[in-house]
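Presented below is the structure to which this report refers.
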Amino acid sequence: MITIKKIICPVDFSGLSRKALQYANEFARLSGGEVFLVGVIENDPTINYSHGLEKERADAEKQLAALIEEEKMAGIVADYVIYEGFAEECILDYAKRQEADVIIMGSHGRRGLKRMILGSVAEHVIRRAPCPVLVVKENEHEFIK
């Protein structure tokens with residue numbers, strides 16, 4: 001029997017991120033688990049930002065709270081956090097801290113030059129995650145109706 005109690009779901013508020021959130025929501029409902037949301041304000045932590053990122057953090061927290069309400073996830077979302085830094089590092093750190101059973105995240109499926117330059121957050125997470133990773137892609141078979 002598979003026991004899924006802690007589901008990490010990175011959120012960037014894109015349509016694909018919402019799709020991954022729907023998967024996380026359904027997995028939590030079916031397994032009696034909880035979803036832990038992680039948002040990331042991307043920046044280089046080695047650079048001193050004189051203006052600070054307080055407004056961006058406050059905006060992201062409001063967006064996460066609204067998203068929980070919109071997706072009817074009250075009682076399913078156990079916690080949410082906003083990190084500042086590189087997305088893949090923040091996601092991995094949160095998954096380790098929460099002792100996650102699974103990470104459910106979207107992947108935009110970049111190809112060619114964009115992928116070479118930007119890399120793939122999902123790919124980095126898959127390679128180093130402390131648990132299984134379910135990647136939700138934009139154009140794939142829909143399991144959730």
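Of the residues VAL81, VAL125, the one with the fewest other Cβ atoms within 10 Å heads the list, and the complete ranking is VAL81, VAL125. Setting aside same-chain residues fewer than 8 positions from LYS72, which aspartates and glutamates have a Cα under 16 Å from its Cα? List returned: GLU26, GLU34.
With Cβ to Cβ distances under 11 Å as the rule, what net charge do the other residues near GLY106 carry (K, R +1; D, E -1)? Once positives and negatives cancel, what remains is 0.
Given their separation in residues at 0.36 nm each and the Cα-Cα distance between them, LYS55 and LYS96 gain 12.0 nm when the chain is fully extended. In summary, the aspartates and glutamates within cross-link reach of LYS19, defined as a Cα separation below 16 angstrom excluding same-chain residues under 8 places away, comprise GLU69, GLU70, GLU71, GLU138, GLU140, GLU142.
Here, each number is a calculation from the coordinates, and none is a lab measurement. The model shown is predicted, which means the values in this text are computed figures rather than measured ones. Every residue, glycine among them, receives a Cβ derived from its backbone with ideal geometry; neighbour counts consider all protein chains shown.
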